[in-house]
Amino acid sequence: MTALNTTARIAVIGAGAMGAGIAQVAAQAGHPVLLLDNRPGAAAQAIEGIDRQLGKRVENGKLSAQSREATIARLHAVEAIDALADCELIIEAIVENLEVKRALFRQLEGICSPQCILASNTSSLSITGIAAQLEHPQRLLGLHFFNPAPVMALVEIVSGLASDPVLAQCLYDTAKAWGKKPVHTRSTPGFIVNRVARPFYAESLRLLQEGAADCPTLDALMREAGGFAMGAFELTDLIGHDVNYAVTCSVFDAYYQDTRFQPSLIQKELVDGGRLGRKSGQGFYTYATGAERPPAAEISSAASVEVCIAEGDLGIAKGLLGRLREQGVEVIQRDGGGVLRVGDAVLALSDGRMACQRAREDGLRNLILLDLAFDYVSAKRIAISHAAGIDPQALEQGVALLQRAGLKVSLLSDSPALAVLRTVAMLANEAADALLQGVASAADIDLAMRAGVNYPQGPLAWADAVGLSHIVRTLDNLQASYGEERYRPSLLLRRRVAEGSTLHD
């Protein structure tokens, strides 16, 4: 079965922001679309809103007037569910309530032809559970768009236990024909994105709670070192803390309180205080008129650095050497254990141990640990930490070397795995567990995280690039430092390290 023909009538139930967005996507793709809402007049108002939005795109030269008119002509508001009888695909985008959705789909079964595909846009409920009471549960699947639907590329095609694989492929092909980037996933809590993304928020929240750095600094590190579009605090302010916290609690409960998904008390306090982010005017940041966001913390050095020693292979951090050479720093290459020496300072990529622990265990005086960067060649900022008692002159020399490479330097307290490394390691760990459990393929997991939440690289590919042994070592050291199951490495990571293979093999 291929994509639905554009002559196929599509229905969307629910004329809120998500339902209206899905209706717009289908209409722009050429389908006649019926929009239904149980609030009188809401569907017609939603179509008027779509028309206004498209009008702005016409004014900005991003859409032709003919395309706008054709799209609106394909959208039809209806007031009764019986009007959907001859549709070939019906997409539900109503309240996230299991019993309400079940009742709706049971009603639709009595109205529509047996060939009509039924789809739910649920982001958190089980497709298996929604379909359980249907006479033909195989016809129900998840079609999970991301908000705003006309803009976001990702669509998760979710199959429950009874879902027909042929229909799943039809929805996949249809979403692709609509210009989207679809992925297949099993109906497990959080599907792909809402499950795998939890550590992105959780690790920054934990570092904040432990006083490792403030919000502007951690956000800047995620952007300027990690390559993410936004940091965790500015992103949750944008999403809304009520929404983000509720999703975290839902996933946490669905996995029987697995500590990997444990909600943050800091975020709960914001929700309890009504500080929901941008929509309330206050979250981690203030959004009052004229309010300015505090700058990220950084340290600087006036020390003069003209030469450094690279001992052994720096691995993923070797891009620093080219930057230093370009700035006229002499880099002397020697055999060794993968460290940079400048003056009395020793710089090394973090392996998840605290600086104080690694300095003692490895016999390294004046140790400065470097955080992970997505691309050491283009990164603008780097996080460092050091053990107590470091020689101030050695710290000055280490910071000066990083400055010569063109990096802003943010000092974190002596925290295991710093900021970007611990976040990427945990994202990769969750993605590896999803792959191990057959939730989705490696390619679809990575695509979902790039297209759904705009990550600079899929977490599985990122782990392969860093090196799986380094990821596992980091997780082991995090788990040893905290003594928590939260940081336990996935069995799949350990297996692939033992095999000497990658997550995409």
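The values are calculated or read from the model by the stated rules, or taken from the named source; none is laboratory data. Since the structure is predicted, the reported quantities are computational estimates derived from the model, not experimental observations. Cβ placement follows ideal geometry from the backbone for every residue including glycine, while neighbour counts extend to all protein chains displayed.
Name every residue in segment 90-116 that is within 29 Å of the chain's Cα centre (by Cα) and either polar (S, T, N, Q) or surrounded by 17 or more Cβ atoms within 10 Å (Cβ to Cβ) (or both), in order of residue number. I90, I91, E92, A93, I94, N97, K101, listed by residue number.
Residues in segment 336-389 that are hydroxyl-bearing (S, T, Y) and closer than 16 Å to N477 by Cβ: S350, S385.
Each residue in segment 387-432 was checked for being in a strand (DSSP E or B) and buried (at least 24 other Cβ atoms within 10 Å of the Cβ), and 1 of them qualify. Scanning segment 458-505 for residues that are of a type outside the set (A, V, I, L, M, F, W, C) and under 20 Å from the mean Cα position of the chain (by Cα) yields G458, P459, D464, R486, Y487, P489, S490, H504. Number of residues in segment 260-287 that are of a type in the set (S, T, Y) and either outside any loop (DSSP other than H, G, I, E, B) or within 30 Å of A434 (Cα to Cα) (or both): the value is 2. Inclusion of A177 among residues that are among the hydrophobic types (A, V, I, L, M, F, W, C) and either under 23 Å from R195 (Cα atoms) or not assigned by TED's automatic domain parsing to the domain that holds A29 (or both) is not warranted. Against the test of being assigned by TED's automatic domain parsing to the domain that holds D173 and modelled with pLDDT of 95 or more, the options E96, E88 yield a single qualifying residue, E88. With respect to the stated conditions, V331 fails to be assigned to a loop (DSSP other than H, G, I, E, B) and over 31 Å from the mean Cα position of the chain (by Cα). Identification of strands (runs of 3 or more DSSP E) wholly contained in segment 93-194 with 3 or more residues that are out of contact with any Pro (no Cβ under 9 Å at 6 or more places or on another chain), of a type in the set (A, V, I, L, M, F, W, C) and in contact (Cβ under 8 Å) with a residue 24 or more places away in the chain yields 117-120, 140-145. When segment 196-216 is filtered for residues that are under 14 Å from A383 (Cβ atoms) and of a type in the set (G, A, S), the ones remaining, listed by number, are S204, A212, A213. Select, from F284, F261, the only residue that is farther than 15 Å from Q209 by Cβ and either touching a helix residue (DSSP H, G or I) at 6+ places or on another chain (Cβ under 6 Å) or exposed (fewer than 14 other Cβ atoms within 10 Å of the Cβ) (or both). From the options F284, F261, the qualifying one is F261. State whether one or more residues within segment 319-342 are in contact with a Pro (Cβ under 6 Å, 6 or more places away or on another chain), closer than 22 Å to V466 by Cα and modelled with pLDDT of 95 or more. No - not one qualifying residue is present in segment 319-342.
Being surrounded by fewer than 17 Cβ atoms within 10 Å (Cβ to Cβ) and of a type in the set (A, V, I, L, M, F, W, C) holds for only one residue in V155, V166, and it is V166.
For Y256, are the conditions met, namely being at pLDDT 95 or above and either crowded, with 17+ Cβ neighbours inside 10 Å or under 19 Å from the mean Cα position of the chain (by Cα) (or both)? Criteria not met by Y256. The sole residue among A419, A461, A480, A443 that is in contact with a helix residue (DSSP H, G or I) (Cβ under 7 Å, 6 or more places away or on another chain) and more than 15 Å from P199 (Cα to Cα) is A461. For segment 288-327, how many residues are in contact (Cβ under 8 Å) with a residue 12 or more places away in the chain and either hydroxyl-bearing (S, T, Y) or not in a helix (DSSP H, G or I) (or both)? Qualifying residue count for the region: 23.
Taken as a whole, the condition of being crowded, with 17+ Cβ neighbours inside 10 Å, not hydroxyl-bearing (S, T, Y) and not assigned by TED's automatic domain parsing to the domain that holds F146 does not apply to L35.
Within segment 240-265, being closer than 19 Å to T423 by Cα and out of contact with any Lys or Arg (no Cβ under 9 Å at 6 or more places or on another chain) holds for N244, P263, L265.
Going through segment 1-34 one residue at a time, which ones are part of a loop (DSSP other than H, G, I, E, B), closer than 15 Å to C170 by Cβ and among the small types (G, A, S)? Listed by number, the residues that qualify are A3, A8, A29.
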